[in-house]
Amino acid sequence: SKTAGILIASMSSTKASGTMTIPTYSASTAVDLLTWTSGSITNNDSTVLGRLTVSGGTFTSGTSSYIGAFTLEGGTFVASSGTTTFAAAFSKTGGTYTHNSGTTAFDCQGGGSYSVTSGSAPFNNLTFTKSAAAGCSTITLLDNISVAGNLSVTATFANNYSVQSQSSLNPTITVAGD
């Protein structure tokens, strides 16, 4: 438990105030978990986090951020003004997601599939992509998504993937840009 000062870990240096819990840490893997519960943290580096949960306080991303599984239960998450990439489940059930005029990317990287619960988070530019050959097969939308800027769907590899809605929920994507 870190309450103030500087935390130095092998993946980054982070200025922290409030409470930080890192139950498991071994370089950046899918089991890494950073839970932010109060205070403010600003990440100025291009950082890779396996899993991030924000339940209070303010977590501000750096110039670009890569996050595996993401949960916003409370507090505020300020996305990068560049690109914030989520490569596993995205769940906003509370709190405030601030797009910071950047791009949010949902990257179908891991095996299987993952879901997106936007919780009415406003996205500036939104990209669905698949950047790994052995990436997931499906990104499932569980609620409506609103995009203030542009929406794109791309794949670096020829392997197919899909962006779909859960049939019983029928979510929509509203795009103000292109």
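Just to be sure, is residue 84 under 24 Å from residue 107 (Cα atoms), at pLDDT 90 or above, open to solvent by 30 Å² or more (accessible area, probe 1.4 Å) and part of a strand (DSSP E or B)? No, not satisfied.
Each row is one residue, and each column tells you yes or no for (1) modelled with pLDDT of 90 or more; (2) polar (S, T, N, Q); (3) farther than 24 Å from residue 170 by Cβ.
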| site | (1), (2), (3) |
| --- | --- |
| 50 | no, no, yes |
| 67 | no, no, yes |
| 93 | yes, yes, no |
| 107 | no, no, yes |
| 111 | no, no, yes |
| 127 | yes, yes, no |
| 132 | no, no, yes |
| 138 | no, yes, no |
| 143 | yes, no, no |
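Scanning segment 122-142 for residues that are surrounded by 14 or more Cβ atoms within 10 Å (Cβ to Cβ), over 16 Å from the mean Cα position of the chain (by Cα) and either under 20 Å from residue 96 (Cα atoms) or aliphatic (A, V, I, L, M) (or both) gives a single hit, 132. Among the residues making up segment 69-81, those that are open to solvent by 10 Å² or more (accessible area, probe 1.4 Å) and either within 24 Å of residue 113 (Cα to Cα) or in contact with a strand residue (DSSP E or B) (Cβ under 6 Å, 6 or more places away or on another chain) (or both) are 69, 71, 73, 75, 76, 78. Would you confirm whether or not segment 109-119 contains a residue that is touching a Gly at 6+ places or on another chain (Cβ under 6 Å) and assigned to a strand (DSSP E or B)? No: segment 109-119 contains no residue that is touching a Gly at 6+ places or on another chain (Cβ under 6 Å) and assigned to a strand (DSSP E or B).
Is it true that residue 111 is touching a strand residue (DSSP E or B) at 6+ places or on another chain (Cβ under 9 Å), open to solvent by 20 Å² or more (accessible area, probe 1.4 Å), touching a residue at least 12 places away in the same chain (Cβ under 8 Å) and small (Gly, Ala, Ser)? Taking the combined requirement at face value, the residue does not satisfy it. Can you work out which of the residues in segment 149-165 that are assigned to a loop (DSSP other than H, G, I, E, B) and open to solvent by 60 Å² or more (accessible area, probe 1.4 Å) is modelled with the lowest pLDDT? This residue is 158.
The values are calculated or read from the model by the stated rules, or taken from the named source; none is laboratory data. What you see is a predicted model; the values in this text were computed from it and never measured. Glycine gets a Cβ as well: all are built from the backbone with ideal geometry, and neighbour counts include every protein chain shown. Please note that ligands, DNA and RNA were not included when accessible areas were found on the heavy atoms of the full protein model with its side chains. Shrake-Rupley method; radii C 1.70, N 1.55, O 1.52, S 1.80 Å.
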